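Novice: Here's a structure for you.
Just so it is clear, none of the values below were taken in a lab; they were calculated from the coordinates. Everything numeric in this text was worked out from a predicted model, so none of it was measured. Quick reminder, even Gly has a Cβ in these numbers, built from the backbone with ideal geometry, and neighbours come from all protein chains shown.
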């Protein structure tokens, strides 16, 4: 669902496709995440509402996806409970694949696997 509301001094776009909520106004706004003590050097006329990727601060605590992921990770470390977190091997594999994509694009040819990782440094 997408809704655009146009007013006489601004517009708000509600994009419920989980892409974003955008507020645009003639008057300076500060509707999004505002860390205590932070004062921007410029006026903000466009706000990306609920766009703080880890979650939102409420009652002095972080709530949202990052909180859940962090607590899940702590549970894995302290109690040995299985979680869907990536392993070091998963991270290494994804790094090698990403580097191979870049190398293939630079050379303009497909690469064959298994790839000698020394190829990345030539």
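Novice: For the pair residue 71 and residue 22, how long in nm is the line joining their label points, each one 7 Å along Cα→Cβ?
Specialist: Between residue 71 and residue 22, the label points sit 3.4 nm apart.
Novice: Turning to a different aspect of this structure: Separation between the residue 117 and residue 81 pseudo-spin-labels, each 7 Å from Cα along Cα→Cβ, expressed in nm?
Specialist: Reported label-point gap for residue 117 and residue 81 is 3.3 nm.
Novice: Treat each spin label as a single point 7 Å out from the Cα along the C-beta direction, and report the residue 103 to residue 88 distance in nm.
Specialist: Once both label points are built, they end up 2.2 nm from each other.
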